[in-house]
Amino acid sequence: MTVSAVLSGKLLFEFRTIGAMVEIYCKAHHPLKPAKGLCDSCCEILSYAETRLDRCPYGQQKPTCNKCPVHCYKPEMKQKVREIMIYAGPRMLLPHPIMAIKHLLAERQPAPGKPPAGLSNRHLRKLG
Ligand code: SF4
Ligand SMILES: [Zn+2]
């Protein structure tokens with residue numbers, strides 16, 4: 001399971017879901033990686049996603065990134081994550097049914113408005 005030292009709650013669940021998808025994708029596309037774990041490129045994507053989640057201005061009320069009006073990902077990272085989700089999304093149901101169903105339900109939610117101030121995880125951690 002993908003581990004994060006900075007995320008919690010919904011953000012951590014989403015990070016684990018992305019981690020599971022990256023594992024499925026990496027296993028199929030990057031066979032020349034170390035025997036265990038992800039290749040360097042997929043590690044970089046996952047680390048980038050963790051930072052974006054940590055800094056998400058919606059915090060625990062985060063919508064699905066697909067419908068987000070902020071679009072905080074760099075274009076090339078957005079494209080890579082999109083490729084991973086297209087490949088791994090349909091392959092999630094058997095190994096990770098709860099993550100797959102929650103992900104599908106989140107994708108069906110309407111697009112949110114602009115994020116209210118002060119909801120980001122980073123902001124909350126600073127207060128704590
Ligand atoms: S794309 Fe939007 S929802 Fe996704 S992490 Fe960035 S700001 Fe948050
Ligand atoms: Zn990989």
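The values are calculated or read from the model by the stated rules, or taken from the named source; none is laboratory data. Values in this document were obtained by computation on a predicted structure and should not be read as measured data. Neighbour counts are summed over all protein chains in view; Cβ atoms, including those assigned to glycine, are modelled from backbone coordinates with ideal geometry.
A few points about this structure:
- Against the list (1) over 15 Å from Gly9 (Cα atoms); (2) part of a helix (DSSP H, G or I), the condition Lys102 fails is (1).
- Residues that are surrounded by 19 or more Cβ atoms within 10 Å (Cβ to Cβ) and within 6 Å of ligand 1 (Cβ to nearest atom) were ranked within the range 59-71; the one that is nearest to Gly19 (Cα to Cα) is Cys65.
- Residue within the range 3-16 that is away from ligand 1 (no atom under 16 Å from the Cβ) and at pLDDT 95 or above present: no
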